[in-house]
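Below is one structure; the comments refer to it alone.
The values are calculated or read from the model by the stated rules, or taken from the named source; none is laboratory data. In this text, all values refer to a predicted model and were calculated from it rather than measured experimentally. So basically every Cβ, Gly included, is an ideal-geometry build from the backbone, and we count neighbours across all protein chains shown.
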Amino acid sequence: MHTSTEALALTTVKYGDSSLIVACYTKEYGLQSYMLKGILNSRTNKKITKSLFEPLSLLELEAPKNPTERLGFIKEAKLHYPYQSIPFNLIKKTLLFFLAEVIHQVVKEEQEANVELYSFLKKRMLWLDSEDQIGLFHIKLMLDISEFIGFYPNITDKTAAYFDLETGCMSQSKPRGAFLEGSIKTVWIQLLGMKFDNVVGIKLSRVEKSEVLDAAIMYFKLHLQQFKSPRSTKILNEIFK
């Protein structure tokens, strides 16, 4: 019996000459991986195409839940919502490549479905598609994701001189490990304390944006055992002025 589910496409890996393995974060089942046999063969008449699985595309899949640690299969796939601006905006597309890597690593830690997290991510993708200004969208999204996974920063004492990245708390004394201070700490607190719609109001230099992003990545590394710096981080920093 096949079951329909919404999904966010995450990553694709080529398998053999003509097939792909795709990872999707589904609303009903959580992280799932599927084998798409022959999808790269131009001579095959296909209902499912590679273009559907661009990073963080919003999809509707007809597919059963995968057996544990095995690849599943997709009977049908179509766009749940075709993005209007993202495919034509280089910065937005690069953001989605970066965030797809982040989300893939995060949801690997959770083997079960998380409908609240899925709904949050879907809402944010629709927000990005509809907005002209991006601001620190990707960093705010990362910090907000941490609330669903259980390591959201504690900034109760906003007047403290330091933010300890290892403990996830503000600190009056200088931490021994990784920490934030000065203007970067101030931006960190601003991002955590504001509504998502206001994220475009923070104006930073290119160097400052890079420093805040590096802090967010370090924070995830410290709180998720298997987390690694996304490969697209360098490209993101190069085009994100």
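Checking K158, K209, K140, K203 one by one, the residue that is modelled with pLDDT of 95 or more and either not in a loop (DSSP other than H, G, I, E, B) or not aromatic (F, W, Y) (or both) is K140 and no other.
Of the residues making up the stretch 166-188, those that are surrounded by fewer than 18 Cβ atoms within 10 Å (Cβ to Cβ) and either outside the structural domain of N154 (by TED's automatic domain parsing) or under 21 Å from the mean Cα position of the chain (by Cα) (or both) number 1.
Right, L90: loosely packed, with under 13 Cβ neighbours inside 10 Å, within 26 Å of K14 (Cα to Cα) and either under 20 Å from the mean Cα position of the chain (by Cα) or of a type in the set (F, W, Y) (or both) or not? Yes, satisfied. Criterion applied to F163, F137, F148 was being crowded, with 20+ Cβ neighbours inside 10 Å and within 23 Å of the chain's Cα centre (by Cα), and the one residue passing it is F137. Would you confirm whether any residue within the stretch 109-128 is closer than 26 Å to A178 by Cα, out of contact with any Asp or Glu (no Cβ under 7 Å at 6 or more places or on another chain) and free of Cβ contacts under 8 Å to residues at least 12 places away in the same chain? Looking through the stretch 109-128, none of the residues is closer than 26 Å to A178 by Cα, out of contact with any Asp or Glu (no Cβ under 7 Å at 6 or more places or on another chain) and free of Cβ contacts under 8 Å to residues at least 12 places away in the same chain.
Annotation note: of K221, K209, the sole residue that is farther than 18 Å from I91 by Cβ and assigned by TED's automatic domain parsing to the domain that holds M170 is K221. Within the stretch 1-30, being under 17 Å from M125 (Cβ atoms) and among the hydrophobic types (A, V, I, L, M, F, W, C) holds for A7, L8, A9, L10, A23, C24.
Only one of the listed residues (V107, V102) is surrounded by 20 or more Cβ atoms within 10 Å (Cβ to Cβ), in contact with a Gly (Cβ under 8 Å, 6 or more places away or on another chain), assigned to a helix (DSSP H, G or I) and not assigned by TED's automatic domain parsing to the domain that holds T11. That residue is V107.
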